[in-house]
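Reviewing the structure listed below.
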Amino acid sequence: DTTRDTPSGVEEDVTKEQVEQFLSDMEDFDPIVPDEVASYYLSRSGYVCPDIRVQRAISLAAQRFISDIAETAVQLSDVQKNSKKKKSDKKVLRMDTLSDVLKEYGISIQKPPYYADNLTAGTKSKLTGKRKRGEK
């Protein structure tokens, strides 16, 4: 019997032939994430696999994950735009919208506690030795 429960609890009926066909398809697949980039990040995380098909399958999963996040972010942005009744064809992805979507996917992002929004933030003036106007 080839039916088994996956960790997500969804039953899948996958045969050995289907897996072999999938891996064969990965030989011809050209992922958005280049093979060199995928190899670099996989090796940095401690995963080394000489089989390019497996690497490309991981790249495909990453591509799908990023695509799902982007699609959800666009949908949420449209909902927020419609609720504010703004009439604009311009699409803008705000950081707070992206942060909300990433939280849904289990990723938490925050601005660092000492975030400098320009190169001279927090530096003293050369002439007076006092902080620049508008800075604390």
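Grab the Cα-Cα distance for Lys85 and Glu12, subtract it from 0.36 nm times how many residues apart they are, and report the gain in nm with one decimal.
Numbers: separation 73, 0.36 × 73 = 26.28 nm, distance 4.38 nm.
Length gained between Lys85 and Glu12: 21.9 nm.
What's the carbon and sulfur percent of region 13-114's accessible surface, probe 1.4 angstrom, rounded to a whole number?
On the way: 4470 of 8050 Å².
Heavy-atom surface of region 13-114 belonging to carbon and sulfur, 1.4 Å probe: 55 percent.
The values are calculated or read from the model by the stated rules, or taken from the named source; none is laboratory data. Model, not experiment: these values are computed from the prediction. Note: areas computed on protein heavy atoms with side chains; ligands, DNA, RNA excluded. Shrake-Rupley method; radii C 1.70, N 1.55, O 1.52, S 1.80 Å.
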